[in-house]
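Undergrad: Here it is: the structure, laid out below.
The values are calculated or read from the model by the stated rules, or taken from the named source; none is laboratory data. Since this is a predicted model, take the numbers as computed values, not measurements. When we count neighbours, we look across all protein chains shown, and the Cβ atoms used for this are built from the backbone with ideal geometry, even at glycine.
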Amino acid sequence: MKKKVNIDKTNNEEKQMPFTRENYKWVIIGLVVLLIGFLLMIGGGSTDPDVFNEGMFNFRRLTLAPVLVLAGFGIEFYAIMKRPKQ
(Lines give C-alpha, C1' and ligand atoms only; values in the text may rest on other atoms or scores of the structure.)
Protein backbone atom coordinates (compact mmCIF):
# COMPACT_ATOMS: atom_id res chain seq x y z
CA MET A 1 0.00 0.00 0.00
CA LYS A 2 1.02 3.50 -0.68
CA LYS A 3 1.29 5.96 2.19
CA LYS A 4 0.27 9.55 1.76
CA VAL A 5 2.99 11.98 2.66
CA ASN A 6 2.17 15.54 3.64
CA ILE A 7 4.64 17.88 2.05
CA ASP A 8 4.53 21.50 3.16
CA LYS A 9 4.93 23.46 -0.07
CA THR A 10 4.73 26.88 1.49
CA ASN A 11 7.74 29.09 1.61
CA ASN A 12 9.07 30.73 4.71
CA GLU A 13 8.00 34.07 3.28
CA GLU A 14 4.93 35.66 4.74
CA LYS A 15 1.95 35.70 2.42
CA GLN A 16 0.51 39.17 2.14
CA MET A 17 -2.92 40.18 1.02
CA PRO A 18 -2.82 42.26 -2.16
CA PHE A 19 -5.00 44.97 -0.59
CA THR A 20 -4.43 46.58 2.77
CA ARG A 21 -6.75 48.64 4.91
CA GLU A 22 -5.48 51.78 3.18
CA ASN A 23 -6.35 50.37 -0.26
CA TYR A 24 -9.90 49.66 0.86
CA LYS A 25 -10.15 53.17 2.30
CA TRP A 26 -9.23 54.63 -1.11
CA VAL A 27 -11.68 52.29 -2.87
CA ILE A 28 -14.52 53.55 -0.66
CA ILE A 29 -13.50 57.19 -1.20
CA GLY A 30 -13.45 56.61 -4.96
CA LEU A 31 -16.89 55.00 -4.90
CA VAL A 32 -18.31 57.93 -2.93
CA VAL A 33 -16.86 60.44 -5.42
CA LEU A 34 -18.30 58.39 -8.31
CA LEU A 35 -21.71 58.26 -6.65
CA ILE A 36 -21.72 62.02 -6.06
CA GLY A 37 -20.75 62.61 -9.70
CA PHE A 38 -23.54 60.41 -11.02
CA LEU A 39 -26.08 61.92 -8.62
CA LEU A 40 -25.19 65.40 -9.87
CA MET A 41 -26.02 64.30 -13.43
CA ILE A 42 -29.56 63.26 -12.49
CA GLY A 43 -32.50 65.40 -13.47
CA GLY A 44 -33.18 68.09 -16.00
CA GLY A 45 -36.43 66.67 -17.26
CA SER A 46 -39.68 68.51 -17.72
CA THR A 47 -43.22 67.40 -16.92
CA ASP A 48 -44.57 69.20 -19.99
CA PRO A 49 -43.13 67.79 -23.26
CA ASP A 50 -43.80 71.07 -25.08
CA VAL A 51 -41.54 73.08 -22.74
CA PHE A 52 -37.77 72.90 -23.12
CA ASN A 53 -35.86 72.92 -19.84
CA GLU A 54 -32.56 74.86 -19.97
CA GLY A 55 -31.55 73.26 -16.66
CA MET A 56 -29.85 70.39 -18.46
CA PHE A 57 -27.17 72.75 -19.79
CA ASN A 58 -25.97 74.17 -16.48
CA PHE A 59 -22.46 74.01 -15.02
CA ARG A 60 -23.33 71.22 -12.59
CA ARG A 61 -24.39 68.71 -15.25
CA LEU A 62 -21.96 69.60 -18.02
CA THR A 63 -18.76 70.26 -16.10
CA LEU A 64 -18.80 69.41 -12.41
CA ALA A 65 -20.42 65.97 -12.58
CA PRO A 66 -18.17 64.56 -15.36
CA VAL A 67 -15.07 65.89 -13.61
CA LEU A 68 -16.14 64.16 -10.39
CA VAL A 69 -16.81 60.91 -12.25
CA LEU A 70 -13.38 61.00 -13.88
CA ALA A 71 -11.77 61.84 -10.54
CA GLY A 72 -13.62 58.90 -8.97
CA PHE A 73 -12.28 56.53 -11.62
CA GLY A 74 -8.78 57.97 -11.08
CA ILE A 75 -9.05 57.36 -7.34
CA GLU A 76 -10.20 53.78 -8.01
CA PHE A 77 -7.21 53.22 -10.30
CA TYR A 78 -4.89 54.60 -7.61
CA ALA A 79 -6.51 52.38 -4.97
CA ILE A 80 -5.99 49.26 -7.06
CA MET A 81 -2.41 50.05 -8.08
CA LYS A 82 -1.15 51.28 -4.69
CA ARG A 83 1.38 48.94 -3.16
CA PRO A 84 1.39 48.30 0.56
CA LYS A 85 4.26 49.77 2.57
CA GLN A 86 6.77 47.21 3.78
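Undergrad: Given the options 28, 80, name the one that is free of Cβ contacts under 8 Å to residues at least 40 places away in the same chain, under 30 Å from residue 16 (Cα atoms) and in contact with a helix residue (DSSP H, G or I) (Cβ under 9 Å, 6 or more places away or on another chain).
TA: Values: 80 fails: free of Cβ contacts under 8 Å to residues at least 40 places away in the same chain.
None of the other options fit; the residue is 28.
Undergrad: So which residues in the stretch 61-82 are loosely packed, with under 15 Cβ neighbours inside 10 Å and either at pLDDT 95 or above or assigned to a helix (DSSP H, G or I) (or both), if there are any at all?
TA: If we filter the stretch 61-82 for residues that are loosely packed, with under 15 Cβ neighbours inside 10 Å, which is where we start, we get 62-63, 66-67, 70, 73-74, 77-78, 80-82.
Passing the criteria: 62, 63, 66, 67, 70, 73, 74, 77, 78, 80, 81.
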